[in-house]
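Beneath this line is the structure, given in structure tokens, with notes to follow.
The values are calculated or read from the model by the stated rules, or taken from the named source; none is laboratory data. Given the structure is predicted, the values throughout are model-derived calculations rather than measurements. Positions of Cβ are backbone-derived with ideal geometry, glycine not excepted, and every protein chain shown enters the neighbour counts. Keep in mind that these areas ignore ligands, DNA and RNA; they rest on the heavy atoms of the full protein, side chains included. Shrake-Rupley method; radii C 1.70, N 1.55, O 1.52, S 1.80 Å.
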Amino acid sequence: MPPGKPLRPQLQKKVDELFLRWLSDPDTQRALSDGLQRIRDAIPDPTTCDPVTPDPAIPHTPTPDLSAPDPATHGIAGALPLGAPARPRRTTGYRAVDALREEPPPPAPPPGPFLPAFYFPRGRPPPSSLEVDDIIAEVERVFALFPQERAGLGDMSMVAKACRCPLYWKSLLFNAAGGERTGSVSVHKFVAMWRKVLLTCHDDASKFLQLLSSPGSSSLVQEDFVPFLQDVVNSHPGLSFLKEASEFHSRYITTVIQRIFYTVNRSWSGRITCEELRRSNFLQAVSLLEAEPDINQLTDFFSYEHFYVIYCKFWELDTDHDLMIDRRDLARHADGAISSRMIDRIFSGAWGWGLGCDVITGITNDVTGGPAPRSRKLQKGGKISYADFVWFLLSEEDKTTPTSTEYWFRCMDLDGDGALSMFELEFFYEEQARRLQARAVEPLPFSDLACQVLDLVQPQNPGRITLSDLKRCKLAGAFFDAFFNVDKYLEREQPEQDSSSDPELSDWDKYAAEEYDFLVAEETACDAWDDGLDPELNMLGVPLGSVDLYSFADNALEPL
């Protein structure tokens, strides 16, 4: 970067953060104090310095008189134009040294007050290491109960409690100590690993990231969560029925991973940082896995009923069952409620960055494993994967979350300038108006709708709606539905008061509960119909009116 050019605001903020982190480090403060002390001790007092006398043994060379003109060069100097600058004279000799020696040194600045550390990226350290020694001693006592002081994955429940960690951290602890490679962990190797974690990580977020991330990484990618969630599937009592259906383990794990990144990864980078873990409720949800035997009560991430709804919705659209859907497939969602122009924007990849590898298909959006450009989000053949569909459905059925607002804003921002202009709004409303007319509903003129929208959002800059404007108005769902979802737009125009719904539930929780009850009722009715049929009429011997998902499972995919 050229000198003098100001840094961008984001880069300047990061530079200031790194400088404060370096300045608050105790080692840095000690080094600065020592350096200032050495500078003060090395500065001599000008009143006590002895004058320097020339050595008589060294021959003295007289200083030439620079004011006398040189006849050899005088003619050349006189031939120069009057406007040309004259060559500066050199001021070397004893007079320059004496003048430099006579200048008094600048006064040393007074020592400033001690600045205590205030930034702790890995949590605030404890006042003493006695607690660490107590935890290590308890871990050693637990390992003494195992044969040869070696613990397998089944023994890690006791070890996790001795480490004062939530129960379902057991697979993290086991794999971090090398148990995944050897099948068991020795007490010496585990203690060395856990002591290092305790001395460098001082809160749950930093410990979780240190245990789950790859060596040398400071963030979590989607693949890092697979062993942890596989252990949840294998050992949680609320998922015991899944043990016999191992082909669906990867489907459930993929769904949970996408929900984790949808909620936690607020930077849309495809990498969850320690700070994002602290700001989310994910670690609290992991702790609740131990106390709650019903997995469906953990609706934020782990609910099986929510997974069942999402996967069934995808299965209905994926007619060829290749775990990929195209534009025509997605256009059938909710009986064609979403406009074709918005579907085109979804398949263009405008809604987000590359989020790593799809757990089901194994497709990586970028060969480097990092964030891919939005234009590369579209898979080959113009299709999107099940993981992409999870993001779509979560955003479509609950437009009150920050992630859903960002999702749809990016889709509507055609030119990517960070603001929605009247041109972009009219582009999407043209098709919405035609769809309303097809349903015998007289649409509002765009000028009238634009006035209503501006009154609803109240943007800071008239005529340009930004993402912050939509988040501030708290009515982003009504705004988006007015431009690309005709069914929800009509529902909002004619609201029905539902007194039976719980106001504390989110829109997504309400949708998932209603859809799950509908799917269960439909399956029950189909079973009753099949049982009452004449055997001669049911020649195929398969359930009628519904599809058994287990019979169509892709056996070629190996379970995780």
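Worth a mention:
- Gain in span if fully extended, Arg195 to Glu491, counting 0.36 nm per residue against the direct Cα distance: 100.8 nm
- Shape of the range 131-269, Cα gyration tensor, a/c cut at 1.5: oblate
- Listed residue pairs exceeding 23 Å between alpha carbons, taken from Lys14/Lys196; Lys399/Lys488; Lys13/Lys399; Lys313/Lys383; Lys161/Lys196: Lys14/Lys196; Lys13/Lys399
- Multiplying the residue separation of Asp294 and Asp203 by 0.36 nm and removing their Cα-Cα distance gives an extension gain of 30.0 nm.
- Average accessible surface area per residue within the range 174-279, 1.4 Å rolling probe, Å²: 39
- Placing dummy labels 7 Å off each Cα toward the beta-carbon, the span from Arg38 to Ser246 is 6.4 nm.
- Building the convex hull from the alpha-carbon atoms of the range 259-318 and averaging its projection over directions returns 4.9 nm².
- Computed magnitude of the charge dipole of the range 424-498 (debye, nearest 20; Cβ of K, R +1, Cβ of D, E -1): 260
- Across the accessible surface of the range 415-456, with the other protein chains kept in place and a 1.4 Å probe, carbon and sulfur atoms take up 56 percent.
- By definition, a body whose alpha carbon gyration tensor gives a ≥ b ≥ c is oblate when a/c is 1.5 or more and a/b is not larger than b/c, and the range 301-340 fits this oblate description.
- The value for the range 199-292 of Rg(Cα) / (2.2 N^0.38 Å) is 1.11.
- The range 155-202: trypsin sites (Lys or Arg not before Pro) falling in loop per DSSP and having at most 14 other Cβ within 10 Å: Arg164
- Stretchable slack from Leu18 to Glu522, in nm (0.36 nm times residue separation minus alpha-carbon distance): 175.6 nm
- Rounded, prolate or oblate (a/c below 1.5 giving rounded, otherwise prolate when a/b exceeds b/c) for the range 135-201 by Cα gyration tensor: rounded
- Relative pair counts by distance (%), Cα atoms of the range 286-359, 5 Å bins: 3, 13, 16, 17, 19, 15, 8, 7, 2, 0
- Modelled label positions at Lys471 and Arg141, each set 7 Å beyond Cα in the direction of Cβ, lie 4.8 nm from each other.
- The share of accessible area on the range 276-334 that comes from carbon and sulfur is 46 percent, using a 1.4 angstrom probe.
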